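Student: Have a look at this one before I ask anything.
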Amino acid sequence: MAIDSKTLLLEKFRGVSVSNHETHNMTNAFMEKIKEDFEQDGSLTSADVTKLKSAELREWCSKRGALSLMMYKVFDEKGRIYAVVSFEQCDRKRHDSGKQNKFIGNLAMLVGVFFMKEARMTLLSEYYKIHKTLLNSTGTLVYVINKNNGDLLYCTDHRKKIFPSNTPMLKCYKELQKKDAPCENCPLKNQYGGKYNKPIFFENAEGKQCLEFVVEDSALYNNIKTATICMYDITERNKLQIKLKKELQEDELTGLFTRTYFFLETEQMLNANKGTDYVLFVLNIEHFKMINDLFGVDVGDNTLKFVAAKLKTMYGEKATIARLYADRFAVCIAKESFDAVEFMHIAAKEFNSFSYKFKIIVDIGIYTIDDISVPVRQMVDRAKIALQTVRGSYQNSFAYYDNAWREKLIMEHQLMADLEGALKTGEIVPYYQPYFDLKTRKILGAEALARWIHPKLGLVAPTLFIPIFERNGMIEQLDHYMWREACKFLANQMQQNNTTVPISVNISRVNFYNPNLGQNIIDLTEDYAVPPEMLRLEITESVYAQGKDIMFTTIKKLQEYGFQVLMDDFGSGYSSLNMLKDIKVDMLKIDMRFLGYCTDASRAYKILLAVADLGRRLEIPIIAEGIETREDTDKLRGMGIDAGQGFYFAMPMPGGTFVRILHEHKNWTSS
């Protein structure tokens, strides 16, 4: 449309009408009154002017005789409105043919322009509806900002959530941050086409919100240079990230570092202070499981929180402190700030201030860090190895890591991994150590002892693998295996009419948890047709700590069936006399190492003499174990002790060797 620019560039808005060639001035005040009839793109289309929202515009049309109306705002290059073009359909008669022709030409041009615009707007409207539906469903706020002054020109229906005031020409920084100037971290300062890295926080009626932006340079919007911004409300995601980060970094119960975060923070501390020597120690609370069982989980949790608080008070920012798991804590601190003796002294004093009626006793294993390239996880493992050497010890409460322990632990782990397979493949075999009549040297019986013939390590000492069986709960399987092997041996000897003596087997205390223990042993001997008197059962006083009722019932049942029960290591513990009082055992076994543990040899001899006298008075035979010299043999025989077992007479030996010894001994005793 050809419009005189001089006419249009007026300080006030000017309306140009083509229906009657009149020019109408439209003031700012008038435009403000009729603004609600305009669309966001600056257009107004009404087929029936009586339905216009603005009373002022309806009156304006009525005075002009307009039946329908089209208006369009025209902007300059700076985005200012400098004209409003209007087209009205009127009922006035046209007398001047020249004017009428001019009018028809102008009318045809405007009709073409506006109809083309109307068709385009109809198509855009359909696109807008689709895009609006998609945007509403995703919760994304899309808005257009004037790049020159920061005015909000367009916003999707999510506007009220972020910009609730709904004021004209709203500036986002005033609404979001309550500022009079653009924010320092305004997304418009970011390179367009990328995600803004730093989220923006603001407060609204729902509380603190967190926004993320994607900014793009957009096309001209009514001849204004603009930026289109997609705003994502990431408040919930941000809350979840904070929660997850806290869970990864902070132990929920104590507020200390978690295991994983301790590894990370300690590594960073060591690398940042390479000129400083550090130690790392792992702390364990003695009998923590008992605290939970006796006083409840809440008291156990309070104990952990109490210890954690004391550690933070003692070391604060000078160290990295973590709760690894359960009742295990870890601390890494500069070597010059740590003294083990002083720590244990302070810990004893501080931990005794706990409000519950028990003492908190702790042990620590310490690793001196001499190579920061070693992973922190491995440093912790080494401190734990040191800790294992003092757990349960009444003499030592702390220990420093030694590489020799690591070698031992590696072997233990290898044995633990091979245990189950060893039972299945027959690597564990019974060795037999006979015991003799001290007067006649006749073989009275033998004890079946487990030996492990490892394919790589050779003969493994029982002191190495028996404790592993006990710790991992497989000692019961080992016992059953040894009982069965002993029955096989006895059955084979009897079938071949070889000389046979009773074989004794050990029953670990864990077996007494099984109420079917007695019947299981009976069934086993019946399966191999072994008389019960040929399989002797050795128990230690440790079984007395189990449920007494089931223990008494089991032992009584076995004795009534014909089995003999031997009390092993009599006198080595605290319950020997109680057990002897309650259980009528068939034999007592005492260990000669008892004499070696006593600094007063004459006193030990008198105690041993009293035990022998006790056995005679109760009519219970006594077998002495661990005899290594002839002198021991003579002393025991002089006390009236019946039988002996030890290296002086015979070492533990494989089954074939024992059979040969039995045969030779038979010939020797009969000659």
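The values are calculated or read from the model by the stated rules, or taken from the named source; none is laboratory data. Just so you know, these numbers come straight off a predicted model, no measurement behind them. Every residue, glycine as well, gets a Cβ built from its backbone with ideal geometry; the counts of neighbours run over all protein chains shown. All accessible areas refer to the heavy atoms of the entire protein, side chains included, with ligands and DNA or RNA removed. Shrake-Rupley method; radii C 1.70, N 1.55, O 1.52, S 1.80 Å.
Student: Please give the per residue accessible area of the range 209-334, computed with a probe of 1.4 Å over protein heavy atoms only, in Å². Let's see the in-between values first.
Tutor: On the way: 6370 Å² over 126 residues.
In whole numbers, the range 209-334 has 51 Å² accessible per residue.
Student: Separate question: Sequence-distant or interchain residues sharing an amide H contact under 5 Å with L141, placed H: which?
Tutor: Those qualifying (amide H under 5 Å, at least 5 residues apart or on another chain) are M231, D233.
Student: Measuring from label point to label point, each 7 Å out along Cα→Cβ, what is the I346 to H413 span in nm?
Tutor: 3.3
Student: Accessible area of the range 462-573 with a 1.4 Å probe: how many percent of it is carbon plus sulfur?
Tutor: Values: 2410 of 4990 Å².
Summing carbon and sulfur atoms, their accessible area is 48 percent of the total for the range 462-573.
Student: Hey, got a sec? Which GluC sites (Glu not before Pro) in the range 245-281 land in a DSSP loop and have at most 15 other Cβ atoms within 10 Å?
Tutor: Working: sites: E247, E250, E252, E265, E267; in loops: E252.
For GluC sites (Glu not before Pro) across the range 245-281 that sit outside H, G, I, E and B with at most 15 neighbouring Cβ atoms in 10 Å, the list reads E252.
Student: Just to confirm a number: summing +1 for Lys and Arg and -1 for Asp and Glu over residues other than F465 whose beta-carbon lies under 11 angstrom from that of F465, what do you get? Each step should come with its number before you reach the end.
Tutor: Working: positive: R451, R471; negative: E412, D418, E427, E470.
Combined, the nearby Lys, Arg, Asp and Glu give -2.
Student: Moving on. Just want to confirm a number: the relative contact order over the range 327-456, from Cα pairs under 8 angstrom separated by 6+ residues, in percent. Please list the in-between numbers first.
Tutor: Numbers: 123 pairs, mean separation 19.9, N = 130.
Worked out over the range 327-456, it gives 15 percent.
Student: DSSP loop GluC sites (Glu not before Pro) in the range 461-491 with at most 12 other Cβ atoms within 10 Å of their Cβ, which ones? It would help to have the intermediate numbers written out before the result.
Tutor: Working: sites: E470, E476, E485; in loops: none.
Here no loop site has a sparse enough neighbourhood.
Student: What percent does the relative contact order of the range 449-532 come to when contacts are Cα pairs within less than 8 Å and at least six residues apart?
Tutor: Computed over the range 449-532, the figure is 25 percent.
Student: When the Cα centres of the range 473-548 and the range 322-358 are compared, how far apart do they sit, in Å?
Tutor: Cα centroid of the range 473-548 versus Cα centroid of the range 322-358: 47 Å apart.
Student: Okay, moving on. Label points 7 Å out from Cα along the Cβ direction at E252 and H663: separation in nm?
Tutor: The answer from the label model is 6.9 nm.
Student: Same structure, new question: May I ask for the net charge around N492, where only other residues with Cβ less than 15 Å from the Cβ of N492 are counted and Lys, Arg are +1 while Asp, Glu are -1?
Tutor: Numbers: positive: R484, K488, R660; negative: E485, D527.
Result for the local shell: +1.
Student: In the structure displayed, which of K147/K171; K245/K318; K289/K335 lie more than 21 Å apart, Cα to Cα?
Tutor: Violating the 21 Å limit, Cα to Cα: K245/K318; K289/K335.
Student: Quick one: go through the range 624-646 and flag any residue whose amide nitrogen is under 19 Å from the point 7 Å out along the Cα-to-Cβ line of R617.
Tutor: 639-642
Student: Also, quick follow-up: Check which residues have an amide H placed less than 5 Å from M653's amide H, if you skip close sequence neighbours.
Tutor: Y432, Q433
Student: Something else about it: Multiply the residue gap between C183 and E59 by 0.36 nm, knock off their C-alpha separation, and tell me the result in nm, one decimal place. Walk me through the intermediate numbers first.
Tutor: Numbers: separation 124, 0.36 × 124 = 44.64 nm, distance 4.51 nm.
Stretched fully, the C183-E59 segment lengthens by 40.1 nm.
Student: Pulled fully out, how much extra length does the chain show between K556 and A334, if you take 0.36 nm times their separation in residues and subtract their Cα-Cα distance?
Tutor: Numbers: separation 222, 0.36 × 222 = 79.92 nm, distance 6.14 nm.
Taking K556 through A334 to full extension adds about 73.8 nm, to one decimal.
Student: Can you work out the base-10 log of I(q)/I(0) for the range 393-451 at q = 0.20, 0.26, 0.29 1/Å, using the Debye formula on its C-alpha atoms alone?
Tutor: The calculated log intensity ratios at q = 0.20, 0.26, 0.29 Å⁻¹ are -0.84, -1.04, -1.11.
Student: Also: How much length, in nm to one decimal, is gained on full extension between V510 and N149, taken as 0.36 nm per residue of separation minus their Cα-Cα distance? Working shown, then result.
Tutor: Working: separation 361, 0.36 × 361 = 129.96 nm, distance 8.32 nm.
Length difference between fully extended and current span is 121.6 nm.
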